[in-house]
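The values are calculated or read from the model by the stated rules, or taken from the named source; none is laboratory data. Not measured: the values here are computed from a predicted model. Reconstructed Cβ throughout: ideal geometry from the backbone, glycine too, with neighbour counts over all protein chains shown. These accessible areas exclude ligands, DNA and RNA; they are computed on the full protein's heavy atoms, side chains included. Shrake-Rupley method; radii C 1.70, N 1.55, O 1.52, S 1.80 Å.
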Amino acid sequence: NAGVTQTPKFQVLKTGQSMTLQCAQDMNHNSMYWYRQDPGMGLRLIYYSASEGTTDKGEVPNGYNVSRLNKREFSLRLESAAPSQTSVYFCARRGGGNTIYFGEGSWLTVV
Amino acid sequence: AQSVTQPDIHITVSEGASLELRCNYSYGATPYLFWYVQSPGQGLQLLLKYFSGDTLVQGIKGFEAEFKRSQSSFNLRKPSVHWSDAAEYFCAVAFDTGRRALTFGSGTRLQVQP
């Protein structure tokens, strides 16, 4: 158990719709991350949060916003979904020993 | 530029055979190095990691990896593969010591033949 819970696990959106992916950790670590996974490209960092109230852009932030209102939760929002955002999204937290632990993923399809 | 390369997209081995998955990185110093495994439809599970010290590190499920500074490599090995090892394997590197965010290779899909 990585201690990271993501919801929803599956979602289908129409182009232009908005949605929020929720992520919560059951530990008390500061650093949390959102990645997206696309075939043949590994995982790419969307946003990072070092602590409550702070966020920083990653490699592919365009089209996304994040919110870290408290230490436990880190949400990812798509304001106007596009087909290019069809992907698998992973939330992660940094744990002991500088190890990053991943949630089980959220499969998003934008049609 | 900092990068992580897994040159093998797909590898097929026979059950019981040895395995080596390659990973190279481009960076001026020694980063933190990780190997993760992902089964279909699942999240990523940490196999092992290297920060410093002994360059041969042992992980879970019988995997090991060797860090070679001169080659900027961190190859994953297993002496005898089991059918349950079929999965996708990702090498990941933490270049940014501040954020400790990971940069991933593109992955190697392992198929195991009976």
Quiz item: In peptide A:90-99, how many Cβ atoms from other protein chains are near each Cβ within 10 Å, on average?
Solution: 3
Quiz item: Chains B and A: what accessible area do they bury, summed, in square angstrom to the nearest 100, with a 1.4 Å probe?
Solution: 1600
Practice problem: For A:32, A:27, give the ranking by accessible area with the largest first, probe 1.4 Å. | Solution: A:27, A:32
Quiz item: Who wins for biggest fluctuation among A:98, A:28, A:70 in a Gaussian network model of chain A, springs between alpha carbons below 10 Å?
Solution: A:98
Quiz prompt | Per-selection Kirkwood Rh - chain A (Cα, Å, 1 d.p.) | solution = 13.8
Quiz prompt | Cysteines without a disulfide-compatible neighbour (Cβ-Cβ under 4.7 Å), the protein assembly as shown | solution = none
Quiz item: Once the convex hull of the C-alpha atoms of chain B is built, how many Å³ does it hold per residue, rounded to a whole number?
Solution: 101
Quiz item: How big is the range A:46-88 on each of its three principal axes, counting only the C-alpha atoms and giving the largest first in Å?
Solution: 31, 17, 17
Self-check item: Prolate/oblate/rounded call for the protein assembly as shown, Cα gyration tensor, a/c under 1.5 rounded
Solution: prolate
Self-check item: Relative contact order, percent, chain B [alpha-carbon distance under 8 Å, six or more residues apart]
Solution: 37
Exercise. Please average, across the residues of B:39-45, the number of beta carbons from any other chain that are within 10 Å of each residue's own beta carbon, and give a whole number.
Key: 5
Practice problem: For an R0 of 41 angstrom, estimate the FRET efficiency from the Cβ-Cβ distance between residue A:79 and residue B:80 and round to the nearest 0.05. | Solution: 0.25
Self-check item: Accessible-area composition of the range A:23-97, carbon plus sulfur, in percent [1.4 Å probe]
Solution: 48
Quiz item: With the contact rule set at Cα under 8 Å and sequence spacing of 6 or more, what percent relative contact order holds for chain A?
Solution: 36
Practice problem: Apply 1/(1 + (r/R0)^6) to the Cβ-Cβ distance of residue B:66 and residue B:45, taking R0 = 30 Å, and write down the FRET efficiency to the nearest 0.05. | Solution: 0.90
Practice problem: At 1.4 Å probe size, with every protein chain present, just tell me what the per residue accessible area of chain B comes to in Å². | Solution: 47
